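Have a look at the structure below, then the notes.
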Amino acid sequence: MLEALSSAGSAHSGTDLFNLAERRLNWLETRQATLAGNIANANTPGYVAKDNAPFQGVLQNQMTMMLAETEPGHLPGHTDTVRAGRDAGSTSPDGNGVVLEDEVEKVADTNDDQRFATTVYTRYMSMFETVLGTGS
């Protein structure tokens, strides 16, 4: 049933929310494993904290929007987002670059993102069940 709903959603020019949710959850799972590795290596001399590439541009093939320069003096816009954080170059005396507070914060953010993605997916499935008359 999920495959039929997913393929029905992709027949239109809109976004396949099931595929998007699956890709987002896979990315979050990979990020959680990466962050867990950082925490596990917090005392390893010379270890440098890692993180996944940002989850952005998923919809670029389906929806693109460019900012228009309406005046010659305007600066061209770009859609890149920058995530501010503490000095990423700080290391301990043994060369370890893991800051546990930062890693735990990233784990909590990733957990919140996972919870949000599964909530959206569940509600979306509930709408299908209601429309199909199979919901409780």
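Please treat every number below as a calculation from the coordinates, not as lab data. Computed from a prediction, not measured in an experiment: that's the story for all the values here. Backbone-built Cβ (ideal geometry, glycine too); neighbour counts: all protein chains shown.
Packing-based ranking of 26-39, 116-129 yields 26-39, 116-129, ordered from highest to lowest mean Cβ neighbour count within 10 Å. In order along the stretch 105-122, the Karplus-derived 3J(HN,Hα) couplings, from 6.51 cos²θ - 1.76 cosθ + 1.60 at θ = phi - 60°, round to 5, 5, 4, 5, 4, 5, 4, 4, 5, 5, 4, 4, 4, 6, 5, 4, 4, 4 Hz, and Gly and Pro are given as x.
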